[in-house]
1. In a solvent-free Debye calculation with one equal scatterer on each Cα, what is log10 I(q)/I(0) for the range 32-78 at q = 0.25, 0.30 Å⁻¹, listed in the order of the q values?
2. Kirkwood hydrodynamic radius for the range 244-285: how many Å is it when counted over pairs of different Cα atoms?
3. Please compute the volume of the convex hull spanned by the alpha-carbon atoms of the range 1-116 and report it per residue in Å³.
4. Alpha carbon centre of the range 153-216 versus the range 67-136: separation in Å?
5. Taking H as built 1.01 Å from N, whose amide H comes closer than 5 Å to the amide H of Gly81, not counting residues under 5 places away?
6. How big is the antiparallel share of DSSP beta bridges in the chain, given as a percent to the nearest 5?
7. From the phi angles alone, apply the Karplus equation (6.51, -1.76, 1.60; θ = phi - 60°) to the range 23-30 and give each ³J(HN,Hα) in whole Hz, x where the residue is Gly or Pro.
8. Order these peptides, 17-24, 247-254, by their mean beta-carbon neighbour count within 10 angstrom, highest first.
Amino acid sequence: MITAMPRIAVAVRDMDRAITTFRDRLGMPVYEFEWLRQALGIRMSLCVPAGGSHIELMSPYDAARAHSGSLIRFLERRGEGLFALMLYAPDPNAEAEALAARGLEVMPIMQDAGGRDIHPKHAHGVLIRIYPSRSDADLEREVEQGVGPVSKRESRAHLTGISRAIVAVRDLDAAVAVYRDGLGIPTHLVPADAASGVRVAVCTPPSGGRIELTSPADDRGRFERSEGLHALVLESDDLDASVKALRIQGIGVQQRAADPPQWELDPAATHGARIYIERRLQRIAGGESSDCT
């Protein structure tokens, strides 16, 4: 059983530069787990503003290690950007068996892996990694208690964690079958909005942010890239102040929609990650997002 969507990973080439971007320019508290350099051969940091799911920054460190190799291949093929969607389950191996029985392709266990991966071709272009529920509880406890370079606090740009992750798909009904019936995540269709040019379904894990499956209903809703992770949506208690703070830091921000208001950050300034911001508690469907920590 899937219990949470704790974080979304962003693959970056230069971790120090990425930390500067998310900590100093986006104003987020960021915590780097330096021991992972030796444990997994990667560098990994968490952006931990309150609410929703975390943003995980990942970069290669030791090219000879499996995790680092997968990041290198991704960066060579696609460049920096949204890399993987992390889920929790009580027993990832048992979950992997159940998912395989439902027709999903679960990849062989990677060297040093703490969880199981679902092949992107069976998840509409998304690499899904399933880890033991609360597997990083000790690390997050350090963050909560301020043991290390940051403590958990509000972003200086008033931004929350990930309210929802948008997944672009070609066939919404097929995607719903994967995420609802295959992964077992509660999912509902959003009433059609003829003006938007897209069809939407929202997956609601028990904790963390939500997954929004979006497919084109006509040419207006067509995505410029293939299926997969498309964007992260963050929220703000003061949207105008957030836009102003980001612009002061040199982050390009453009308005995507006026009613309700939504703004898009320049992906070139956020290491290829497409990020939208909107007012806190704004919802396309009912329900509150809960903090995965």
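1. With one equal scatterer per Cα and no solvent, log10 I(q)/I(0) is -0.85, -1.01.
2. 11.0
3. So the per-residue Cα hull volume is 115 Å³.
4. 19
5. Ala11
6. Percent antiparallel among DSSP bridges in the chain is about 70.
7. After applying 6.51 cos²θ - 1.76 cosθ + 1.60, I find 7, 8, 8, 8, x, 8, x, 10 Hz.
8. Final packing ranking: 17-24, 247-254.
The values are calculated or read from the model by the stated rules, or taken from the named source; none is laboratory data. Owing to the predicted nature of the structure, the values given are computational and were not obtained by experimental measurement. Virtual Cβ from ideal backbone geometry, glycine too; neighbours counted across all protein chains shown. SASA here: full protein model, heavy atoms, side chains in, ligands and nucleic acids out. Shrake-Rupley method; radii C 1.70, N 1.55, O 1.52, S 1.80 Å.
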